[in-house]
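Just so it is clear, none of the values below were taken in a lab; they were calculated from the coordinates. These numbers come from a predicted model, not from an experiment. Positions of Cβ are backbone-derived with ideal geometry, glycine not excepted, and every protein chain shown enters the neighbour counts.
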Amino acid sequence: MRKLSIFFVGIILIFPALLFGQLKIGYVDSNTILKVLPDAQDAQKTIDALVKEWKDELQKMQRELDTKTADFEKRKLIMSDNKRLEVENEISKLKTDIANYRQSKFGFQGELYSQQEEIMKPVQNKIFTAIETVAEDEDLDFVFDRSGDIVFLYAKEDYDITSKVLEILK
């Protein structure tokens, strides 16, 4: 009975392919496109500059925290209780500020995420348009991104349309 079920499932899966012919599949390597495309490189440089600016600000804040903490550790024995409490609160506030800044810039749904979306969107649209053009010209049924989550165990090089997409983008 199990063999019969497998046979029918196989027939059901193969029949549409036999009925409609073979699918034409192409793939691109989006990492290659992003490395070669000048617009993508410019967008990445803009993002990198923002990240550097934010990291520099974080380092500045961290240095201020380290200085205050070291100074506090040296002087806490000679400070009054009120002054010690005041400095401890300042240090605590700085730690909170650093954590909040890091979260707002680099955290989930932070500014880095939104800036990447905004800066890369035109580049992605340009790439998708080029992929669609090549796919229609080549009469392809599917185009996969080789560098994404889909893993190819085997991919015939004849179907790689990355260079054609790059030609259109130039």
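Quick one: net charge of residue 106's neighbours, Cβ under 15 Å, K/R +1, D/E -1?
Taking every Cβ under 15 Å from that of residue 106, the sum is -3.
Count neighbours as other Cβ atoms within 10 Å of each site's Cβ, and list the chymotrypsin sites (Phe, Trp or Tyr not before Pro) in the stretch 38-106 that are DSSP loop with at most 16 such neighbours.
When the chymotrypsin sites (Phe, Trp or Tyr not before Pro) of the stretch 38-106 are filtered for loop state and at most 16 Cβ neighbours within 10 Å, nothing remains.
Below 15 angstrom from the Cβ of residue 37, what's the summed charge of the other residues (Lys, Arg +1; Asp, Glu -1)?
Computed value for this residue: +1.
Non-local amide H neighbours of residue 27 (under 5 Å, H modeled in plane, Pro and chain starts lacking H): which ones?
144, 160, 161
Within a 10 angstrom radius of the beta carbon, how do 84, 63 rank from fewest other beta carbons to most?
Sorted ascending by nearby Cβ count, the order is 63, 84.
Please go through the residue pairs 68/93; 45/105; 24/170 and name each one whose alpha carbons sit more than 20 Å apart in this structure.
Violating the 20 Å Cα-Cα cut-off are 24/170.
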